[in-house]
Amino acid sequence: MTSPYVMRPSRLDDLPALMELADLSGPGFTSLPVDEPILKERLDKSDRAFNGRLEKIEYGKYLLMMEDARTGEVVGCSAVKAGTGIDQPFFNYRIITLSQSSHAAGNMRFDMDALVLTNEYVGYTEVGTLFLKANHRGGGAGRLAAQSRYLLMATDPARFGDKVLAELRGVIDANGISPFWECLGRHFFRMDFDEADRLSATTDNQFICDLMPKYPVYVDLLPPEAREVIGRCHSEGVGAYKLLQWEGFEFDRTVDIFDGGPLVAVQRRHLRTIRESRVVTLNLAEGGLDATARQGLVSTDRLPDFRVSQAVVKLTGEEAAVTTQDVFDKLKIRPGDRCRIWLRSKS
């Protein structure tokens, strides 16, 4: 039997499970605030997105839950926001390099980095909210949570942007202290990191427009502890960062305005999971699978009943494949259904 996990659309009755995940995620995980009304609203928006009940100018916010098919326990989540910067600004610091030179000082020349507040990612699709309970990490569960988001985009590309971004949580210590915030943001906002983080997750971000510095911030003027964490991700996000890089994301010289964590981006058509996936007719492997079968993922490739699970799959043609009964059970599909598969490389 393959992994017991399956990714499925969130449901309105997932609120207790989502609250538990938010509580476990810790400080700085802005997309999972420990706030019941906010999380309830997220579940409602996700339900409307999956079921196509959106306003004309509304972009879908799709929340996927990882469920242990053996017990029904929700053990993780990940999400796709179809369009950023539409309903509220999406602020970041762009790192720019300024060239300094002076003939009068003996032909001196050097470069200096500066941080400039921007809102330039309007219309990008954002992937995020990837979190798993500690005892359910490993064994490909993180990869399932991550890649299911790209398989979701492949089901109906018109719902999503041509470019995709991801933010990673920046460096925050065990006490919830962000060096970047303490040395920069606090001077402008006059509040604790947790309070700014909460406002960012629960308001329209007008407070950022009102209070953020309007002029470039020279990086060399910041204390060493702040400079050292610019563009670095939290220790618990290193695995997620590696998966994003494998997928094709690249650091875009843009960082979070609160904790200095990196923002990475990629063209949707360049996403590795989408490029390497294909739609096949899936049938049951009568008598089991042989050595030519490969590990991978299978998605239902349809909305609203979108589901993804790990699987061992054998290709039997350009658009045909077979797999085991447990995959059909987890995805709630039948032999002969059209599905989208992604298979690991043979090497």
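The values are calculated or read from the model by the stated rules, or taken from the named source; none is laboratory data. Given the structure is predicted, the values throughout are model-derived calculations rather than measurements. All Cβ positions, even for glycine, are placed from backbone atoms using ideal geometry, and neighbour counts span all protein chains on display. Calculation scope for accessible area: heavy atoms of the full protein, side chains included, ligands and nucleic acids excluded. Shrake-Rupley method; radii C 1.70, N 1.55, O 1.52, S 1.80 Å.
Here are a few things to note about the model shown:
- Cβ-Cβ under 6 Å pairs, at least 6 apart or on other chains, the stretch 216-234 side closer than 16 Å to L98 by Cα, far side crowded, with 19+ Cβ neighbours inside 10 Å and at pLDDT 95 or above: V217/L115
- Here the condition is being buried (at least 16 other Cβ atoms within 10 Å of the Cβ), out of contact with any helix residue (DSSP H, G or I) (no Cβ under 8 Å at 6 or more places or on another chain) and assigned to a helix (DSSP H, G or I); of D210, D197, it holds for D197 alone.
- The residues of the stretch 1-55 that are touching a residue at least 24 places away in the same chain (Cβ under 8 Å) and of a type in the set (V, I, T), listed by number, are T2, V6, T30, I38.
- Of the residues making up the stretch 24-36, not a single one is at pLDDT 95 or above and surrounded by fewer than 19 Cβ atoms within 10 Å (Cβ to Cβ).
- Cross-chain or 6+ apart pairs with Cβ under 9 Å, the stretch 96-108 first and over 30 Å from G231 (Cβ atoms), then outside any loop (DSSP other than H, G, I, E, B) and not aliphatic (A, V, I, L, M): N107/S101
- Options R232, R302, R253, R269; residue that is open to solvent by 10 Å² or more (accessible area, probe 1.4 Å), of a type in the set (K, R), within 26 Å of V80 (Cα to Cα) and in a helix (DSSP H, G or I): R269
- Residues in the stretch 306-342 that are free of Cβ contacts under 8 Å to residues at least 60 places away in the same chain, open to solvent by 30 Å² or more (accessible area, probe 1.4 Å) and assigned to a loop (DSSP other than H, G, I, E, B): E318, E319, K332, R334, P335, G336.
- All conditions in (1) touching a residue at least 40 places away in the same chain (Cβ under 8 Å); (2) farther than 16 Å from F29 by Cα hold for F189, with the sole exception of (1).
- Counted residues, the stretch 123-156 - those being assigned to a helix (DSSP H, G or I), at pLDDT below 95 and not hydrophobic (A, V, I, L, M, F, W, C): 4
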